[in-house]
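Below: the structure, in structure tokens.
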Number of protein chains: 2
Amino acid sequence: MGWGDLGAFGEPSKETPNLDQMASEGMLFLDFYTASPLCSPSRAALLTGRLPVRNGFYTTNAHARNAYTPQDIVGGIPDSELLLPELLKKAGYVNKIVGKWHLGHRPQFHPLKHGFDEWFGSPNCHFGPFDNRALPNIPVYRDWEMIGRYYEDFKIDLKTGEANLTQIYLQEALDFISKQQASQQPFFLYWAIDATHAPVYASKQFLGTSQRGLYGDAVREIDDSVGKILHHLQQLGISENTFVFFTSDNGAALISAPKQGGSNGRFLCGKQTTFEGGMREPAIAWWPGHIPAGGVSHQLGNVMDLFTTSLSLAGLQPPSDRQIDGIDLLPAILQGKLIDRPIFYYRGNEMMAVRVGLYKAHYWTWSNSWEEYSKGIDFCPGQNVSGVTTHTQEEHTTLPLLFHLGRDPGEKYPLSFASDEYQRAMEQLSVVVQQHQVTLVPGEPQLNVCDKAVMNWSPPGCEKLGKCLQPPESDPKKCFWPH
Amino acid sequence: MGWGDLGAFGEPSKETPNLDQMASEGMLFLDFYTASPLCSPSRAALLTGRLPVRNGFYTTNAHARNAYTPQDIVGGIPDSELLLPELLKKAGYVNKIVGKWHLGHRPQFHPLKHGFDEWFGSPNCHFGPFDNRALPNIPVYRDWEMIGRYYEDFKIDLKTGEANLTQIYLQEALDFISKQQASQQPFFLYWAIDATHAPVYASKQFLGTSQRGLYGDAVREIDDSVGKILHHLQQLGISENTFVFFTSDNGAALISAPKQGGSNGRFLCGKQTTFEGGMREPAIAWWPGHIPAGGVSHQLGNVMDLFTTSLSLAGLQPPSDRQIDGIDLLPAILQGKLIDRPIFYYRGNEMMAVRVGLYKAHYWTWSNSWEEYSKGIDFCPGQNVSGVTTHTQEEHTTLPLLFHLGRDPGEKYPLSFASDEYQRAMEQLSVVVQQHQVTLVPGEPQLNVCDKAVMNWSPPGCEKLGKCLQPPESDPKKCFWPH
């Protein structure tokens, strides 16, 4: 989902009454970011509070490439990383993930080995394969074992877009919340729905209900589900004791537009890029009785902050033996403070850009290659900013391209290198970047090696279901990441 | 101002708390349009309830050209047109215009000759000239006579952007409202501020207060002023008896960006074009006790509807001796009804596009000429949709370019001519267009002839001020409209 997909963020069809109400009862973050312009690294950052370049969710196979966790990926979340649920456990929290995990699908990366107590969902994306023949369909797990596969047991009709997955995920969430309330145990629910990821899907009752087509139907179902979750918390009388945060793992994928693509509002480009459209996210904090209703925050936030903020809410300290990039947002949320901190825009192993205050400096620009672009793969459809949305990797490290995101949120007008404003802003930014880069210790890259043998041929539980497949011989190779 | 300039419409700095509150207390229109992508024709349409091609506010000097009322224009609003204040007068209303008139500056076009009882403001735009030497500075009128000129008596500091004009306009509005309340006479106030038109200006107290630069300062001052006007109505106890509507006369002028340009959200292009960015407008209706708070409407609306709606509020019928394009929006506003009606997108003498439901068909496309574009004049900066934002006038009358504005509000993906959807939608649209064009009787074009002799050399009242200038010999010519 992208920044512009909610009514509260200016989506012209204004079809998200529940999320809009969540914002009017809570706090809207207008300057909230993800840690990566795509899924796996962003989710790893959310759960570790650390940039992907630290927690290993990146590749060094080529410069500045977007890597993630397809089925043939060998790597995943390292044991050395401390995940939010592992830490919350120490404070008595019961942790559940519903939906897409995406931090590795091999046994050692299983969410229940990394702090979660329960899981309902899939290890990889639902975007294929679809026939379970040449390659295995993605399994759906309940806790330790698979209970079926996408397109076989958990249908997604690729023609109509019909699938009742969000309803299943919703019910899982409601049941878990009820159970925790009944047992009076604190809980962490990571509700990682994926209906707006192509192939986009929605339940029958939502199909055709949106002005926006199937993508809008999916958004409406998510919106409706969020409303039901919040209502459930209220009905159980625990809303004033439950902190809820809504956000997304990357900007809307404009390559899927117009049929399956969302909106990044007026921001430049989308998923896969480090322009604002790729990394600025819708974000809403909700906690009745604590967060002033209708609040709006310009705090520069990041999904990694949810790690530190959640620990703070649980009365825990973040680990002190490693660099944590997330900050505690509670002063911003509860007291309206503005905490000075930079936003780093990474693509794989490269810091492409940095934001400090309203200034954003691009040290590298790239949308995708001419080769991909000429095949019709366009991360910035209808947009073209000369020298900015470049189709070759352009280095600007000696004279970064500088934008003022207040006057120019669309990143269309780089400031003149000769201007006083450029000089002043870059003085500030350079110090931040230098300090970041000098102290950076990259983690072991986890997304370099691919091997067909590690795919979900025979996940645990497949025997009971008669759904085990024979893996091919192991043949590890460098993964190929085209952009 | 553009669709995307208000927080309620997704402007990322969210700096319009008063307009956002007006929306939350009233009704937000998401699909509201102007009748022309630039000022004079749009304002003429607002006050006559008729398309510019009917009321004469267009040119036939060249095909599909944007024409307006600069100082050397000979034409203006014809006497044969019935303006909203003329009609409201019959119901006992006292009418005042504060700000820019723009319906012609020669004596016969004076607002007090067309139904207004009071005027404080200027007949033309404040964008120049600036020195009163080669050409006269624009006069500022109080009622029948000028009381000074821009840049002489009414300063706009072109370096700092400082001008207290919005404060003066605000005070005029508040005083008029107070006076009308005291005399218990119904009133129509046309508050036509122009601070967001380049050269953009703001009062000292607002300068530097916006994230968005000077343009944002101007928006903030307008926002603040609207808040004060609404508050004034409430304090006087007449808010439940006063219908207030906020909108704009055209999309944000992106040629003035980033320093002086606003935002059209995610819509394509801006002022001067018939893409959504040029003609979809922010719009809010406010009438406490009548309009349900927090309402959102997808009614296709148009500035011309304010004519018919205002008459309806005053218990009057629109004139029956002529074609009126505006509709009565009260059923949409008060009962949430959706009235089926098309939106016509005109540029000069050409119907460029039409919207019916969520479908918009372009019969002609044009941004501006290659000649202008090559000089850096760009109505769609950073945007380029092949075959859509064309730099030659492209005729599509036999096979219009069709967009679904729900799935594709940015007009990036024309529907396939071969699709069933195209066929079905065009069948509907063609009927509407045919009926419109067959019955259309264009008015006498008022914006064809220019003459330096008619400029504001010696407006009424200039003698008292010693501000009369000597006009040159009359030398009428065809006006040149480059785009």
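One table, with the values for the structure above:
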| quantity | calculated |
| --- | --- |
| Compactness relative to 2.2 N^0.38 Å, alpha carbon Rg of the protein assembly as shown | 0.99 |
| Two-site label geometry, B:Gln108 and B:Glu421: point separation in nm, points 7 Å out along Cα→Cβ | 5.1 nm |
| For chain A: Kirkwood Rh in Å [reciprocal of mean 1/r, alpha carbons] | 22.7 Å |
| The range A:372-448: trypsin sites (Lys or Arg not before Pro) falling in loop per DSSP and having at most 16 other Cβ within 10 Å | A:Lys375 |
| Vicinal HN-Hα couplings computed from phi for the range A:303-309 (Karplus, 6.51 cos²θ - 1.76 cosθ + 1.60; Hz; Gly/Pro x) | 3, 5, 5, 5, 4, 5, 5 |
| Per-copy distances of the A:Pro292 label point, shortest first, in nm (7 angstrom along Cα→Cβ) | 3.0 |
| Chain A residue with Cβ closest to the axis mapping A onto B, distance in whole Å | A:Gly10, 1 |
| Residues whose placed amide H lies under 5 Å from that of A:Gly262, excluding near-sequence neighbours | A:Ala253 |
| Chymotrypsin sites (Phe, Trp or Tyr not before Pro) within the range A:365-443: DSSP coil, no more than 13 neighbouring Cβ in 10 Å | A:Phe417 |
| The range B:1-85: projected area of the alpha-carbon convex hull, averaged over directions, in nm² | 7.9 nm² |
| Calculated from backbone phi, Karplus (6.51, -1.76, 1.60) coupling profile of the range B:123-137 in Hz, x at Gly/Pro | x, 10, 6, 8, 8, x, x, 10, 10, 6, 9, 4, 9, x, 5 |
| B:His436/B:Asp79 FRET efficiency (R0 30 Å; Cβ-Cβ; nearest 0.05) | 0.70 |
| Calculated [θ] (222 nm, deg cm²/dmol) that DSSP helices of n ≥ 4 give over chain B, each run adding -39,500 (n - 2.57) | -7000 deg cm²/dmol |
| Percent of Cα pairs exceeding the 17 Å cut-off, where the set is the range A:386-483 | 73 percent |
| Separation between Cα centres of the range A:324-382 and the range A:386-457, rounded to whole Å | 7 Å |
| Nm distances between copies for A:Asp321, ranked from closest, using label points 7 Å along Cα→Cβ | 9.2 |
| Cα-based radius of gyration of the range B:193-252 once divided by 2.2 N^0.38 Å, which approximates compact folds | 1.29 |
| Lone cysteines, chain B (no partner Cβ under 4.7 Å) | B:Cys39, B:Cys125 |
| Qualifying lysines (Cα of each under 25 Å from Cα of B:Lys360; at least 8 residues distant if same chain) | A:Lys14, A:Lys259, B:Lys271, B:Lys337, B:Lys412 |
| Semi-axis lengths, Å, the range A:282-426, gyration tensor of Cα atoms, sqrt of 5 times eigenvalues | 33, 18, 17 |
| Average other protein chain Cβ within 10 Å of Cβ, residues A:385-393 | 1 |
| Contour excess over end-to-end distance, with Cα ends at B:Ser24 and B:Asn241 and 0.36 nm allotted per residue | 76.3 nm |
| Estimated dipole of the range B:417-477 in Debye, rounded to 20 [Cβ of Lys and Arg +1, of Asp and Glu -1, Cα centre] | 360 debye |
| Within the protein assembly as shown, percent of DSSP bridges classed antiparallel, to nearest 5 | 65 percent |
| Calculated log₁₀ intensity ratio I(q)/I(0) where the Debye formula runs over C-alpha points of the range A:347-439, q = 0.12, 0.21 Å⁻¹ | -0.40, -1.08 |
| Residue-span extension gain [B:Lys228 to B:Ala293] - 0.36 nm each, minus C-alpha spacing | 21.5 nm |
| Simple Cβ-charge dipole of the range A:7-338, Lys/Arg +1 and Asp/Glu -1, about Cα centre, in debye nearest 20 | 440 debye |
| Inter-copy separations for B:Thr209, label at 7 Å along Cα-Cβ, nm, ascending | 4.2 |
| Debye, to nearest 20: dipole size of the protein assembly as shown, +1 on Lys, Arg Cβ, -1 on Asp, Glu Cβ | 160 debye |
| Gyration tensor verdict on the range B:147-306 (Cα atoms; rounded if a/c is under 1.5, prolate if a/b is larger than b/c, oblate otherwise) | oblate |
| Tail weight of P(r) past 22 Å, computed on alpha-carbon pairs of the range A:42-115, percent | 21 percent |
| In the range A:47-139, trypsin sites (Lys or Arg not before Pro) in a DSSP loop with at most 10 other beta-carbon atoms within 10 Å | A:Arg133 |
| Positive dipole terminus of the protein assembly as shown, leading residue within A:Ala163, A:Gly326, B:Ala361 (C-beta point charges) | B:Ala361 |
| Distant-in-sequence amide H partners of A:Tyr346 (H built 1.01 Å from N, under 5 Å) | A:Met352 |
| Relative exposure of A:Met27, A:Met426, A:Met146, judged by other C-beta atoms within 10 Å (fewest first) | A:Met426, A:Met146, A:Met27 |
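Since every read-out is calculated from the coordinates, none of them should be taken as a lab result. If you're wondering where the values come from, they're calculated on a predicted model, not measured in any experiment. A quick note on method: Cβ atoms are made from the backbone with ideal geometry, for glycine too, and the neighbour counts reach across all protein chains shown.
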